[in-house]
1. Being part of a loop (DSSP other than H, G, I, E, B) and of a type in the set (A, V, I, L, M, F, W, C) is the filter; apply it to the stretch 81-127 and report the residue that is surrounded by the most Cβ atoms within 10 Å (Cβ to Cβ).
2. Considering C44, C148, which residue is in the same structural domain as A11 (by TED's automatic domain parsing), of a type outside the set (V, I, T) and under 29 Å from P27 (Cα atoms)?
3. Quick check on this structure: which one of A2, A11 is surrounded by fewer than 20 Cβ atoms within 10 Å (Cβ to Cβ) and in contact (Cβ under 8 Å) with a residue 60 or more places away in the chain?
4. Does any residue of the stretch 68-75 turn out to be touching a residue at least 24 places away in the same chain (Cβ under 8 Å) and among the charged types (D, E, K, R)?
5. What pairs come up if the first residue lies in the stretch 97-121 and is within 13 Å of Y66 (Cβ to Cβ) and assigned by TED's automatic domain parsing to the domain that holds Y149, the second is polar (S, T, N, Q) and surrounded by fewer than 15 Cβ atoms within 10 Å (Cβ to Cβ), and their beta carbons are under 7 Å apart, counting only those six or more places apart or on different chains?
6. Taking the conditions exactly as written (hydrophobic (A, V, I, L, M, F, W, C), at pLDDT 95 or above and either touching a Gly at 6+ places or on another chain (Cβ under 7 Å) or not in a helix (DSSP H, G or I) (or both)), does A55 satisfy them or not?
7. Is there a residue being closer than 18 Å to D94 by Cα, assigned to a loop (DSSP other than H, G, I, E, B) and touching a strand residue (DSSP E or B) at 6+ places or on another chain (Cβ under 9 Å) anywhere in the stretch 63-72?
8. Just checking, which of F12, F60 is among the aromatic types (F, W, Y) and not in a loop (DSSP other than H, G, I, E, B)?
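The values are calculated or read from the model by the stated rules, or taken from the named source; none is laboratory data. Fair warning: this is a prediction, and the values are worked out from it, not measured in the lab. Positions of Cβ are backbone-derived with ideal geometry, glycine not excepted, and every protein chain shown enters the neighbour counts.
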Amino acid sequence: MAWRIEALDEAFLAQARTQGVDAQGQPVRRVAANGGERLRDGLCRARPGEGLMLASYSPFRQSGPYKEYGPVFFGVEPGGTTLPALAALLAEEDGYLREEMALRAYDAGQSIVEAAILPLARIQARLDQWADRADIVFAMLRFPAYGCYALRLNRDA
């Protein structure tokens, strides 16, 4: 079984870019990149001076105790690029991700069923283990220091 990467919801991006409103109904912030900010829409890092938006986002699809919102950066304009493959993201220790990431597994009710902080080199092995578990519906990678959302991994049926 493979895992399919999900960056940011397209409806959220359209609303934020055209209406200037985030997932909580708050105004988005427009900022110029310092360089190195992690762009959740393309799973890459920003270039200095690039136009960015900062907004509140939730990768969850239903209400519940684990549903949370957090800050995400994304480009002012759609990038139009294909998302990188998971293997490529996990191979780049100085790329979009970090050398260690928080990895969480969720069930159909969107509750956490397992979590770990792992080096990039061990994440795929854990995902392979979780692939055999019927109770795990999706997983998320988060940046460990602040707990910020990096990407969602859905089971590829």
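1. Going through the stretch 81-127, the residues part of a loop (DSSP other than H, G, I, E, B) turn out to be 81-85, 92-99, 107-111.
Still in the list and also of a type in the set (A, V, I, L, M, F, W, C): 83, 85, 97, 108.
Working: L83: 17, A85: 10, L97: 20, A108: 11.
In this case the residue turns out to be L97.
2. Working: C148 fails: in the same structural domain as A11 (by TED's automatic domain parsing).
Just one listed residue meets the conditions, C44.
3. On the way: A11 fails: in contact (Cβ under 8 Å) with a residue 60 or more places away in the chain.
On inspection, the qualifying residue turns out to be A2.
4. As a first pass, look at the stretch 68-75 and keep what is touching a residue at least 24 places away in the same chain (Cβ under 8 Å): 69-75.
In the following step, the residues that additionally are among the charged types (D, E, K, R) were identified as none.
No: the stretch 68-75 contains no residue that is touching a residue at least 24 places away in the same chain (Cβ under 8 Å) and among the charged types (D, E, K, R).
5. Sorted first by the residue in the stretch 97-121, then by its partner, the pairs are Q110/Q62.
6. Details: hydrophobic (A, V, I, L, M, F, W, C): yes; at pLDDT 95 or above: yes; either touching a Gly at 6+ places or on another chain (Cβ under 7 Å) or not in a helix (DSSP H, G or I) (or both): yes.
Here the answer is yes, as A55 does meet what is asked.
7. First pass over the stretch 63-72, keeping only residues closer than 18 Å to D94 by Cα: none.
No, the stretch 63-72 contains no residue that is closer than 18 Å to D94 by Cα, assigned to a loop (DSSP other than H, G, I, E, B) and touching a strand residue (DSSP E or B) at 6+ places or on another chain (Cβ under 9 Å).
8. Details: F60 fails: not in a loop (DSSP other than H, G, I, E, B).
Of the residues listed, the single one that is among the aromatic types (F, W, Y) and not in a loop (DSSP other than H, G, I, E, B) is F12.
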